[in-house]
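Below: one structure, written as structure tokens.
The values are calculated or read from the model by the stated rules, or taken from the named source; none is laboratory data. Small disclaimer: the values here were computed from a predicted structure and weren't measured. Neighbour counts are summed over all protein chains in view; Cβ atoms, including those assigned to glycine, are modelled from backbone coordinates with ideal geometry.
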Amino acid sequence: MLVVRPYQPADLGQVLDLWERTGSFPTGADGLTVDQAVDLIGCEQSMPMLAETDGRVVGMALGLVAGVVGWVYRLVMLPAEASVPETSQRLLDDLESQFTERGVRKIVTVVSGAGPIRELLDRRGYRTSRGGVYLERDLAFAVVARSTLAELGGRMIDPRLWEELRGMDQAKEIIERRVILPLAQPELATRHAVAAPRAVVLFGPPGTGKTTFAKGIASRLGWPSIEIQPAELAGEGPERQAKCLAETFDRILELRSAVVFVDEVEDLASIRGEDRKVTPSVANEFLKQIPRFREVPHHLLVCATNWIRRLDPAFLRPGRFDYVLPVGPPDAEARRAIWQRYIDEITDQAADVGALVEVSEFFTPADIEFAAHMAAQRAFERELLEGGTTRATTADFLWAIQRTRPTLTKEIVESLHEDTLRFARY
């Protein structure tokens, strides 16, 4: 027996199956992706109607009211049902009746090619709009008011940043696969029951690129990047700190999308209370905000720490963070790639990259950047003060390396290895 009824949240599984079986997965004839269609179902103006036979969803019509215009999206039927005119006609009858009750005076829809649905629409008097062409443009979730971003201290990151991150391939690949791809390809992730991450922790020594990776994630996704500095909350006074943090998260969660970066999270969640730079009420407020953050799609929380063993173990539990990812120092191959990038930017002279790699064993990417710029400065001053046109040479880079204090030591590297075995989760 055929029943036409409104959509209920419990129907989502059957609806996704219907879309897949009717060629509407991952994108339908209406141009909507699965995520976009699901979002449309949930909006206040939508009127999703289902055709059901013996408890099985066999058809759907997704209506949307825009003033006096009613839009019909996802008018789909299983092939066996589409061949029965009465079934699809009943579904369209009920939707048009709903439109009439909402004051709609014109109905618009998008169809692709011939078929039973097109034949039904032709029989009911739907006509091709004369002289019109259907145009569409996808807007990234990152489209937000610049004033709102500025007030939150956020900004859009150059979309080329992720591709320009070279020399840290191991960490980059892990972040790409575990974090970025499920967020960038939500339809495919849904198809394989892969849950998109909502919160991750990056840990590693200072200067290894945690902040750069957080910005790179925002760059890759095309989402706004917003940074929260726990130490800055201390300036608000004890009675205002927790309230300011809650207000900040309230505004962030109103955005369509965001990558929120909390650096030096040990200032909020150190196992030793005396090491925290904020009051206990702020730490508690932050823990309360994480579940809220996890409930909102298209938002990612990235926390970074130089000293993961100082964090309260309860803070790192799986229910709060999907992944705990190490960002370690560059190995020889990574140092070679980083040095080569700066050499290409700085000089036209042939440089012995192997020699630079060998004497910069305990350098972080930040150390290499500092030394490279020091070599460039030396060449600049030499030409300015002594004449000549020679740009930076291997000797200049080696000179700069000798005058750069490495961030890392053998003990720090060994400690990171121990922390990776103990805390990493990916």
**Asked** Is it the case that some residue within the range 91-100 is under 26 Å from Y134 (Cα atoms), in a helix (DSSP H, G or I) and touching a helix residue (DSSP H, G or I) at 6+ places or on another chain (Cβ under 8 Å)?
**Response** yes
**Asked** Would you say G59 is surrounded by 17 or more Cβ atoms within 10 Å (Cβ to Cβ) and at pLDDT 90 or above?
**Response** yes
**Prompt:** Can we say G167 is within 19 Å of the chain's Cα centre (by Cα), in the same structural domain as E295 (by TED's automatic domain parsing) and either part of a loop (DSSP other than H, G, I, E, B) or modelled with pLDDT under 80 (or both)?
**Reply:** no
**Prompt:** Taking Y342 and the conditions (1) over 32 Å from the mean Cα position of the chain (by Cα); (2) part of a helix (DSSP H, G or I); (3) within 21 Å of G167 (Cα to Cα), which numbered condition does it fall short on, given that it satisfies the others?
**Reply:** (1)
**Asked** Here are E44, E81: which of them is assigned to a loop (DSSP other than H, G, I, E, B) and either free of Cβ contacts under 8 Å to residues at least 40 places away in the same chain or of a type in the set (D, E) (or both)?
**Response** E44
**Prompt:** Pairs under 9 Å by beta carbon, first residue closer than 23 Å to L253 by Cβ in the range 196-220, partner part of a strand (DSSP E or B) and polar (S, T, N, Q), six or more apart or different chains?
**Reply:** V201/T305; L202/T305; A214/S225; K215/S225; I217/S225; A218/S225; S219/S225
**Message:** Cβ-Cβ distance below 7 Å, separation of 6 or more or different chains: which pairs start in the range 300-325 with a residue that is surrounded by fewer than 17 Cβ atoms within 10 Å (Cβ to Cβ) and end on one that is of a type in the set (A, V, I, L, M, F, W, C)?
**Reply:** R310/I271
**Message:** If I ask for residues that are part of a loop (DSSP other than H, G, I, E, B) and more than 25 Å from the chain's Cα centre (by Cα), which ones from the range 1-29 would you list?
**Reply:** M1, Y7, Q8, T22, G23, A29
**Prompt:** Considering the range 152-179 alone, what residues qualify as being of a type in the set (A, V, I, L, M) and either crowded, with 21+ Cβ neighbours inside 10 Å or touching a helix residue (DSSP H, G or I) at 6+ places or on another chain (Cβ under 9 Å) (or both)?
**Reply:** L152, M156, I157, L161, L165, M168, A171, I175, V179
**Asked** Does Q349 satisfy being not acidic (D, E) and not in a helix (DSSP H, G or I)?
**Response** yes
**Request:** Collect the residues in the range 373-395 that are touching a residue at least 40 places away in the same chain (Cβ under 8 Å) and either under 19 Å from Q340 (Cβ atoms) or acidic (D, E) (or both), keeping them in residue-number order.
**Result:** R391, A392, T393, T394
**Message:** Name the single residue that is surrounded by the fewest Cβ atoms within 10 Å (Cβ to Cβ) among those in the range 354-395 being assigned to a helix (DSSP H, G or I) and aromatic (F, W, Y).
**Reply:** F380
**Request:** Could you tell me which numbered condition V104 fails, if it satisfies all but one of (1) surrounded by 17 or more Cβ atoms within 10 Å (Cβ to Cβ); (2) within 24 Å of V57 (Cα to Cα); (3) modelled with pLDDT of 85 or more?
**Result:** (2)
**Prompt:** For the range 1-32, how many residues meet the condition of being closer than 18 Å to L64 by Cβ, at pLDDT below 85 and not hydrophobic (A, V, I, L, M, F, W, C)?
**Reply:** 5
